[in-house]
1. Can you give me the distance in nm between label points at ASP344 and SER382, each placed 7 Å from the Cα along the Cα-to-Cβ direction?
2. Given contacts defined as C-alpha pairs under 8 Å and at least six residues apart, what's the relative contact order of the chain, whole-number percent?
3. Within the set LYS174/LYS194; LYS92/LYS271; LYS401/LYS494, which residue pairs have Cα atoms separated by over 18 Å?
4. Report the extension gain between LYS90 and THR677 in nm, rounded to one decimal, defined as 0.36 nm multiplied by the number of residues separating them, less their alpha carbon distance.
5. Please arrange ASP378, ASP583 by how many other C-beta atoms lie within 10 Å of their C-beta, fewest to most.
6. Please work out whether the range 9-117 counts as rounded, prolate or oblate from its C-alpha gyration tensor, where a ≥ b ≥ c are the square roots of the eigenvalues and a/c under 1.5 means rounded, while otherwise a/b larger than b/c means prolate and anything else oblate?
7. For the chain, the longest stretch holding no chymotrypsin sites (Phe, Trp or Tyr not before Pro) located in a DSSP loop with at most 16 other Cβ atoms within 10 Å is which?
8. What whole number of Å gives the distance from the Cα centroid of the range 354-382 to the Cα centroid of the range 392-463?
Amino acid sequence: MDGIFKDSLFAEITGEAGELLKYDTSRSLLFFPVRHHSPVCSYQLLRAIEEFSPTAVLVEGPENANDLIPVLTDERTELPAAFYYFYKDKKKLVSEDAEDYKCYYPFLYSSPEFNALAAAAAKGITAAFIDLPYSEILIHTAKGKGLRKDAEKHSYTDDTRLIRSQFYKRLCEKTGIRNFEEFWEKYFEIEGLKLTPAEFCKNMHTYCVLTRSQEKDAELEAEGTLARERHMALRIKEALDKGEKVLVVTGGLHSLGLAKLMHKGNFKAEKLHKMTPDIQGSFPTAYSYEAADALHGYASGMRCPAFYDSIMKRIVNGADTANVYNDATLELLIKTAKESSKKDIPISIADITSAETVMSGLAALRNVSQCGLSELADGITSAFIKGEKTISSAMPLDIMKRLATGDSIGRIGDKTHVPPLVEDFEKQCDIFKLKYASVIPQEADVPLFLGERGLALSRLLHRLTYLDTGFATLTKGPDLKRGRDRSRVRELWKYRRTPQVDASLIDHTTDGFTIEEACTNLAARALNENRRSQDAAQIAIDCFLMGIPLTDHQKELIYDIVSEDGDFFSIGEGLRCFARLCDLQKLYEFEDSSSFACLEKCMSRLIPALPAMANSPEDKAVDVVDIMRLMYSLTGSMLESWRGTFEEALITLAGSKDKTPEIYGAAMGLLYSLDPTRRYAAEEAMRGFLQGSEKVRMQGADYLKGLFCTAGDIVLADDSFLYMTDDLITGFDREDYLEILPSMRLAFSHFTPSEIQSIAKAVAGIHGVKDNDIMYGDIIDEGLSEFGRKLDSLITAKLNGGEGQ
């Protein structure tokens, strides 16, 4: 290891930094640098604790979670686990956007921070986090930097700078290693096991100091790093002033910054803002290996966390460090072979032996004392992947990576600090025997009408969906919210526990202490915040699916929202949703007249507004037609008393001076459906398009699209419309025909296959051909046809003595 640090460019570590960061157990302060989730850092840290015998262990981490340390080190807690931090910027201290922020601080068995805290707990010595509270870190961080980067999820333990420096790239060039993962595993994880704690710290400090030398102070300030270090230095000083012998455990990149602040003695307290529990807090939560590996990729800690956790567990249980990686990789190799065989991938004993031989040979060639993941991957690639490497043949490699990543989820032992909403979630899952402790997808078959239990489980899963937990997904069954498959009597759900589930439940803790209470309050707030009919109706459906009854005040509020809404399309969607809700209430024998009252109110608002929609823009025509069809359907069933006024509104619309052709056609179709004697009027309207200008003729296609959408049977009554349609199509040149073609295709998409056959037969009669030729004749390629026409033209020109073009 020393050989790669002899370049004179890297002499800084032997100067001031070397003295400040010297591993000296006789001093009262020792800085121990770590990489998050690194087993070798954990191993050497535990040895350093024995050598240094500190009276206080100070760990990098937001100090507003200090009261959670006993929960983490509780023997009943199973890792992976995490501290979940949240901050609601209601005071706009971070930005004017007043956003909500959250992040995770994950802990694995290989995490040095966990091992430091666990060792301190076992020895009965003081342990504490010393970093700024989460809110203060955000306040001191510039937009787009650090924990304020644009990312779906944030991890407090972000080691991005370790692998982005020019120093790392030069190291890889110098050592001939392919990437950072391979470099770190060889020189730190494996070879680091042979060093003393002092030697290991020297190498870690060297790497981290030289990496930090590439960073500018302005960038570190923008990321909040310098403010955090000033605060941590102050906490270290406070411990030293109490006479403690202090061991400081931080990410290696902080060590030199902290050491310089301590040496200069220039301590500056950062201003801490007063935060109430409703805007800032932290909770312990179960975590998963999958999330620990995929949150930020390798930048957030070690890749393949389950594998490196197994390394640490072996070391803690007394395994020989000289062979711990050889044993772990061999075990993983055998597991990969077994799992591959289950996937019908033939792996023989000879293949396993060959892979092990390749691994050992590569380790010798690379001058690494044990086989690591890099050697294992290359061994599997060489021995298990037969022939060319493809997506299917590379499956053994994917299986190995999946096993090394792990699929376990942790458990919090002490429930005292568990958010009440998470506690209620687990309680409800236990009642219905849901396997919520597994990250492997599970299935739940829910009968809706075989007793109360099925309906109660359905409501629970809908509630968790409403809270946006991502816990359950409806894969089969009635989609009552969208009005699909309503005849099905069973639901099939897929569910799995992920960190997102706990995070979402924690976020909603302020809405209530039970799932039902949180959903009730969330729905009530949504009603107060949304003033659109369609939103209010959807909320009403959600409440019905969740089994949450609306209060009389909420029912009146929904009715008022519909009464005050001036958006035709919003009211139209509200009409659809309230109709669906009335059907649901009838299906589930649920009596509530308020839904029908809202349905009637929607209809009373739509009918007088309908004539004004005659000249709607073309991009809104489809939506207008859809609402017209819905109104027609409802006035023929549950709103039959409105049929007459609806018909009058259609007559007024059809008589408007300016009309969008598609809406006009739909209105004429509905009027024909209401009274078949109006067929002549629909024909006359079509003739008007045929006899107009070229522009008007082209609008005829849109008229037919609307007409066929609402009254397709008008074509089947006799051939008059087919003749007019034929005149329309044949009256255009090729360019104009291609322009109207999309509308014509949509127009005929409303017919059933049997109706298409009848139409084809009639068209065949018009053109004097066999109906089978139209339905089943060979399709002529347009490009080939055009080429034929050009060829005919050339031949004709030659025969006539011309040269052709």
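Since every read-out is calculated from the coordinates, none of them should be taken as a lab result. Quick caveat, the model's predicted, so the values are computed rather than measured. Cβ atoms come from the backbone with ideal geometry, glycine included; neighbour counts cover every protein chain shown.
1. 3.0 nm
2. Contact order relative to length: 10 percent.
3. Too far apart for the 18 Å limit: LYS174/LYS194; LYS401/LYS494.
4. Result for the pair: 204.8 nm of gain on full extension.
5. The most exposed by this proxy come first: ASP583, ASP378.
6. Note, shape of the range 9-117 comes out oblate.
7. Looking at the chain, 1-266 is the longest stretch - no exposed chymotrypsin sites (Phe, Trp or Tyr not before Pro) with at most 16 other Cβ atoms within 10 Å.
8. Measuring centre to centre over Cα atoms gives 38 Å.
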